[in-house]
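Following: one structure in structure tokens, then a few remarks.
The values are calculated or read from the model by the stated rules, or taken from the named source; none is laboratory data. All figures in this text were calculated on a predicted structure; none of them were measured in a lab. Note that we place each Cβ from the backbone using ideal geometry, even for glycine, and neighbour counts take in every protein chain shown.
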Amino acid sequence: MNRGFQIEQIRSDFPILGQQVYNKPLIYLDSGATTQKPQVVIDTIRELQESQNSSIHRGMHYLSEQMTTRYEAARETVRDFLNAASSREIIFTSGATGSINTVAFSFGEKHVSSGDEVLISEMEHHSNIVPWQMLCERKGATLKVIPFNEDGELFLDKVDELLNERTRIVALTHASNSLGTINPVKEVIGKAHARGIPVLLDGAQMVQHGPVDVKELDCDFYLFSSHKIFGPTGSGVLYGKESWLEELPPYQGGGDMVDQVRFDRTSYNTLPFKFEAGTTNYTGAIGLAAALDYLQTIGFEAICQYEKKLSKYAMEKLGGIDRIKIFGKARKRISVFSFLLQDIHPYDAGMILDKMGIAVRTGTHCTQPVMDHFGIDGTIRASLVFYNTMEEVDALTEGIQKTIEMLT
Amino acid sequence: MIDYKESQQDIVDEFSVFEDWLDRYNYLIELGNDLPAIDPRYRSSEYLINGCQSKVWLHADLVDGKLQFNADSDAIIVKGIVALLVKLMNNRTPAEILENDLFFIDGIGLRQNLSPTRSNGLLAMVKKMRLYAMAYQAKENKKMES
């Protein structure tokens, strides 16, 4: 199964990486925003469109049967990937944002009322802030925030202070998209569960970097986006413990999520369909499964080993640049590097790096509170995954040196 | 003063000598550095055009029937483009600005910087410059009527 880790071979699996931009080899360091797709995912989507397309769960004809089977097989692949107890716990959504909104609504409608509290952290992506804020506004509840220290690590002792009898749910990112921090989620879950409070983990930046076992974590909800783990856009996953999903009301109403529809009363479908209203993005889900299968062929052991080396090298090289300031120096990190070059505007740096063929992201990375924490407007972010190379880190370092020369 | 169109063509020609993108950026950085900082009283929220990525400040006066723009940005390459816009539009009548197309940004390959998704404030700045022209033109017309 495992074919070993040969970086050249792996790069050749991703056709987009071989191209030139502005007559320079593309150096793609923006995988935190979206990852590139291996050929096998591209082929799967193409094949589905060319010879399989048919609406799922509805038809009795050949194509519909085939597509339904593959869609449900994809669900099983995701279940296995997360080590969930049952495929009834795997909901296909439109992405991480869709997953969080589902829980914020369904959980919030049933369990959050006036005076209650929702606990998040200071390093959340806007998508794990705003849905909870909207819920709090609807219900007259309060949003509470776990702060982080200068290295970008959560103040764990504050969690004890912030959890109380009014806390209804904790929503926390597994890994930060702007600081790279891997949060001590097990400790937080332990603390919350000791008080009977459920925990949702945003795994959008974690699942592509290492194995996640929801049983071992014992989280109540876990979610991620397909496009950040080498799958297609517009698709994502929400895992929820069956006991929770069973008792929560549905989020969106529509076809497929119902059992009996009468004008005086509608009964809902069983799990997981209760949470999948309308024609789902079945192509996205099956494409995601193809991406997860692809990851299996390399294996997380090899991926983690390689990314650890790559990350260490990048931290050393970037850290060696005069005038650089790196934001986020947690002990446990993913390969995401947020930095500023003295008083150079990130947008200027990003524009210059772009013309060198280096794709980085600049701005607030949808984490304005993180920027506020440091009193800055934004950063430059290089986010790497296992298809990046040490040579690309060298090119980034050189590019940064040149950028500094140009702008000072 | 040379024609508005010609003036834009001059910019396009000026940029055509640069073979490399980074040379173009170097030139924009120079222009940005040479543009005097905006009068502090206009570097305020009232005159701020907030892009998500970079900020631009803009103010305009009408002196003897000609527009006088005063602008700035916190990002230097953006400020370089701001400098080009200011240089082009300063000392023009509102009519000149309103009746002519703005084509030089396209011509020097910086169009993507005016895309709404870039949100660097430039697109909004160009719109605001035209708004100033419109407002001053309306004011002038009113004066003439009365």
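Scan the stretch A:49-64 and give yes if some residue there is in a helix (DSSP H, G or I), hydrophobic (A, V, I, L, M, F, W, C) and out of contact with any Phe, Trp or Tyr (no Cβ under 8 Å at 6 or more places or on another chain), otherwise no. Yes, the stretch A:49-64 has at least one match.
Considering only the stretch A:67-80, I want to know if a residue exists there that is crowded, with 19+ Cβ neighbours inside 10 Å and either within 26 Å of residue A:184 (Cα to Cα) or not assigned by TED's automatic domain parsing to the domain that holds residue A:202 (or both). Yes, some residue in the stretch A:67-80 is crowded, with 19+ Cβ neighbours inside 10 Å and either within 26 Å of residue A:184 (Cα to Cα) or not assigned by TED's automatic domain parsing to the domain that holds residue A:202 (or both). Within the stretch A:316-350, the set of residues being in a strand (DSSP E or B) and within 14 Å of another protein chain (Cβ to nearest Cβ) comprises A:340, A:341.
Which ones in the stretch B:38-82 are small (Gly, Ala, Ser), surrounded by 16 or more Cβ atoms within 10 Å (Cβ to Cβ) and more than 14 Å from chain A (Cβ to nearest Cβ)? Once the filter is applied, which keeps residues that are small (Gly, Ala, Ser), surrounded by 16 or more Cβ atoms within 10 Å (Cβ to Cβ) and more than 14 Å from chain A (Cβ to nearest Cβ), the stretch B:38-82 yields B:60, B:71.
Summed over the stretch A:125-142, residues that are part of a loop (DSSP other than H, G, I, E, B) and small (Gly, Ala, Ser) total 2.
Considering the stretch A:364-393, the residues that are within 14 Å of chain B (Cβ to nearest Cβ) and part of a helix (DSSP H, G or I) include one that is nearest to residue A:323 (Cα to Cα), namely A:371.
Restricting the stretch A:351-363 to residues that are of a type outside the set (D, E, K, R) and facing chain B (nearest Cβ under 8 Å) leaves a set whose member that is nearest to residue A:382 (Cα to Cα) is A:362. For the stretch A:346-355, give me each residue that is buried (at least 20 other Cβ atoms within 10 Å of the Cβ) and in contact (Cβ under 8 Å) with a residue 40 or more places away in the chain. Within the stretch A:346-355, A:348, A:349, A:352, A:353 qualify. Please verify whether the stretch A:268-278 includes one or more residues that are out of contact with any helix residue (DSSP H, G or I) (no Cβ under 6 Å at 6 or more places or on another chain), surrounded by fewer than 20 Cβ atoms within 10 Å (Cβ to Cβ) and within 26 Å of residue A:12 (Cβ to Cβ). No, the conditions are met nowhere in the stretch A:268-278.
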